[in-house]
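As structure tokens, the structure follows; a few thoughts come after it.
The values are calculated or read from the model by the stated rules, or taken from the named source; none is laboratory data. What you see is a predicted model; the values in this text were computed from it and never measured. Here Cβ is always computed from backbone atoms with ideal geometry, including for glycine, and neighbour counts include all displayed protein chains. These area figures cover heavy atoms from the full protein model, side chains too; ligands, DNA and RNA do not enter into them. Shrake-Rupley method; radii C 1.70, N 1.55, O 1.52, S 1.80 Å.
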Amino acid sequence: MYNLALDCTEIGDKLMSNAIPKILVTRKMPDVVNKKLMANFTVSLNKSDKLFTEVELQRALKEADGILCSVTERFTKKILNITDRKTKIIASFGVGVDHIDLKFAKSKSIVVTNTPGVLTDATADLAIYLILAATRKAYLSEKKLRDGEWTGFSAVEDLGVSLKGKTLGIIGMGRIGKATARRANMALGMKVVYFNRSYIGSIDFPARPAQSIGHVMRESDIVSIHLPGDKGNHGLINEEQISLMKDNSFFINTSRGEVVDQKALIEALRTRKIAGGGLDVFENEPNIPQSLIDLDNVTLLPHIGSATKEVRDEMGLLAVENLISYFGEKDCPSRVV
Ligand code: 8YV
């Protein structure tokens with residue numbers, strides 16, 4: 001029987017059959033997801049939601065046929081490279097798979113799946129929220145009110161900037177980049193300029209491609225980052241790129257903290273080189289430098305891009321669908337490698 005160090009092992013309906021694959025779930029999941037898992041597999045849940053140590057992750061790889069993980073579990077080469085590994089599939093809860101060494105997983109024939117599509121709208125909604133929060137000085141204004149420093153209406157203090165007619169620069173015009181741009185254009189009346197490494201054919205709203213990231217940085221009133229967190233993208237938005245931004249412009253990131261030189265960004269915000277920002281992702285989460293916390297011209301959120309009840313259910317169900325397909329010897333709906 002399943003015997004992991006965690007405090008909860010739950011066994012699905014079909015425990016007694018040896019043929020039922022064993023799935024280990026690294027984080028607490030929505031009820032509907034647990035139910036579907038237990039109807040199909042022998043399941044080990046993590047009810048306390050305690051993070052796995054490296055040793056526990058390796059033990060999981062030795063004991064489970066499949067693992068349902070989240071962004072908090074780092075499947076590095078070191079972790080994956082064990083001789084007696086049983087796990088054949090890692091179904092990740094989320095679209096970004098930068099926490100898994102895909103190249104190594106592939107070389108060991110470990111299948112990796114993700115959950116694209118279902119979180120696009122929620123993440124784009126949050127990018128728009130951050131654009132509005134940054135440009136309307138939401139954090140500063142709310143802080144003033146809560147600190148009892150609001151003395152009443154002023155026609156001239158703490159003014160933000162209007163979005164209509166301003167240019168939103170999208171870096172990474174994938175699903176979420178497009179959904180953010182569409183909202184900005186159609187709902188807020190913004191112009192859109194974007195950079196994407198590969199050619200984007202069909203865009204059903206006005207959007208102008210730029211030649212390079214630098215062009216987007218230069219031309220935009222608001223820059224919004226939608227790049228995958230692959231190693232090749234780490235630090236791509238560096239000091240030089242940030243220095244190209246317009247004075248009084250704003251910086252938004254809902255993708256991965258690692259794609260931005262966080263120190264350079266903090267400096268640009270601190271010196272008011274740029275007017276403000278909105279960040280849902282950070283380098284080395286959940287550690288946030290005090291120098292960023294101290295700034296009042298940036299809204300900071302704890303990686304909640306996909307955090308709605310509906311979307312988290314859908315993400316989990318898609319992860320389970322991937323597992324069911326894999327063990328049913330069918331094509332997984334969203335296989336990465
Ligand atoms: C998830 C995300 O919440 O999907 C992603 O890549 O960053 C988030 O929306 C996270 O990955 C949970 O594992």
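In table form, for the structure just shown:
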item: Tally of residues being more than 12 Å from the ligand (Cβ to nearest atom) and either farther than 23 Å from N248 by Cβ or surrounded by fewer than 14 Cβ atoms within 10 Å (Cβ to Cβ) (or both) across the stretch 297-328; result: 13
item: Failed condition for K86, given (1) closer than 28 Å to F282 by Cβ; (2) more than 12 Å from the ligand (Cβ to nearest atom); result: (1)
item: Any chance D280 is among the charged types (D, E, K, R), away from the ligand (no atom under 15 Å from the Cβ), surrounded by 20 or more Cβ atoms within 10 Å (Cβ to Cβ) and outside the structural domain of V95 (by TED's automatic domain parsing); result: no
item: Condition check for S70: open to solvent by less than 20 Å² (accessible area, probe 1.4 Å), not acidic (D, E) and not assigned by TED's automatic domain parsing to the domain that holds A187; result: yes
item: Number of positions in the stretch 21-45 that are open to solvent by 30 Å² or more (accessible area, probe 1.4 Å), within 11 Å of I324 (Cα to Cα) and among the aliphatic types (A, V, I, L, M); result: 1
item: Options E267, E258; residue that is within 16 Å of the ligand (Cβ to nearest atom), more than 16 Å from T167 (Cα to Cα) and out of contact with any Leu (no Cβ under 7 Å at 6 or more places or on another chain); result: E258
item: So F250, is it touching a strand residue (DSSP E or B) at 6+ places or on another chain (Cβ under 8 Å) and more than 23 Å from D158 (Cβ to Cβ); result: no
item: Unmet criterion (only one of (1) surrounded by fewer than 16 Cβ atoms within 10 Å (Cβ to Cβ); (2) within 16 Å of G96 (Cβ to Cβ)) for P289; result: (2)
item: Test: residue in the stretch 315-328 that is among the acidic types (D, E) and not assigned by TED's automatic domain parsing to the domain that holds D65; result: no
item: Positions within the stretch 98-113 being within 12 Å of the ligand (Cβ to nearest atom) and surrounded by fewer than 24 Cβ atoms within 10 Å (Cβ to Cβ), in sequence order; result: D98, H99
item: Test: L244 is open to solvent by less than 30 Å² (accessible area, probe 1.4 Å) and of a type outside the set (F, W, Y); result: no
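Yes or no, residue by residue, for (1) within 16 Å of the ligand (Cβ to nearest atom); (2) farther than 30 Å from G232 by Cβ; (3) in contact (Cβ under 8 Å) with a residue 40 or more places away in the chain; (4) surrounded by fewer than 18 Cβ atoms within 10 Å (Cβ to Cβ):
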site	(1), (2), (3), (4)
A127	yes, no, yes, no
T135	no, yes, yes, no
A138	no, yes, yes, yes
R146	no, yes, no, yes
T151	no, yes, no, yes
S154	no, yes, no, yes
S162	no, yes, no, yes
R175	yes, no, yes, yes
